[in-house]
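Each value in this text was obtained by applying a stated rule to the coordinates, not by laboratory testing. Note that the structure is predicted; figures quoted are calculated from it, not measured. Don't worry about glycine lacking a Cβ; one is built from the backbone with ideal geometry, like all the others, and counts go over all protein chains shown.
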Amino acid sequence: MKHKPRFWASSALIVYMVALGVHATVRAPAAQHIDASNTKLVAWGERLYGERCAACHGARLEGQPGWQHIGADGRLPAPPHDERGHTWHHSDRYLIRVTTHGLIPGKDRPSDYRSGMPAFREALSDEEIVAVLSFIKSTWSYEYRAWQERAGESEHE
């Protein structure tokens, strides 16, 4: 009977460690998965998009005029995030990385590429970035979302 307190303490520690592991597992994907079906996340993302992204990408996700042609400043204008653009061609991980760190010449684009896309890692939290991207993704049709999900499964970084 002397070992009962040690048994209960060990058991409690194991339960605590398992719970901590489950919490970390459940929580970790939130910053890596864009969830267009989460209405609260999408509403929050829509507000943040209006505050942080609409000035360049358009209030209706329409992008800047001439977005496919290099401007006088040597940069491409901001692309649309609706289905006319190419955002839905990329995986959640890629979209989160580009929004967080900006476009990186030599990794995301040719080494001489100049982008007007800023890194938002200092301006938005990981959760805010996921919220904005969840809003954007929520505007795509089911077919585009399904295509994007399948493409993301096979995309390697």
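Quick one: 3J(HN,Hα) in Hz for the stretch 42-56, Karplus 6.51/-1.76/1.60 with θ = phi - 60°, rounded, Gly and Pro as x. Those phi angles translate into 5, 5, 4, x, 5, 5, 5, 4, x, 7, 10, 10, 4, 4, 9 Hz. Amide H to amide H distances under 5 Å link residue 109 with 104, where only residues 5 or more positions off or on other chains count and H is placed in the peptide plane.
Can you work out the PRE-style zone for residue 72? Point 7 Å along Cα to Cβ, and I want the residues of the stretch 99-141 with backbone N under 20 Å. Answer for this model: 114-117. Report the Cα centroid-to-centroid distance between the stretch 101-126 and the stretch 39-77 in angstrom, as an integer. Result: 15 Å between the Cα centres. When only Cα pairs below 8 angstrom with a gap of at least 6 residues are kept, the stretch 33-154 shows a relative contact order of 36 percent. Residues whose amide H lies under 5 Å from that of residue 116, counting only those 5 or more places away or on a different chain, are 76; hydrogens are built 1.01 Å from N in the peptide plane. The residue list 131, 71, 104 was ranked by how far each Cα lies along the charge dipole of the stretch 33-154 toward its positive end, using unit charges on Cβ atoms, and 71 comes out on top.
About its Cα centre, the stretch 33-154 has a charge dipole of approximately 180 debye under the convention of +1 per Lys or Arg Cβ and -1 per Asp or Glu Cβ, with nothing else charged.
Do any GluC sites (Glu not before Pro) in the stretch 93-134 lie in a loop, going by DSSP, with at most 11 other beta-carbon atoms within 10 Å of their beta carbon, and if so which?
122
The alpha carbon convex hull volume per residue for the stretch 33-154 rounds to 104 Å³.
Karplus-derived 3J(HN,Hα) values for the stretch 75-84, using 6.51 cos²θ - 1.76 cosθ + 1.60 with θ = phi - 60°, are 10, 7, x, 4, x, x, 10, 7, 5, 6 Hz; glycine and proline are entered as x.
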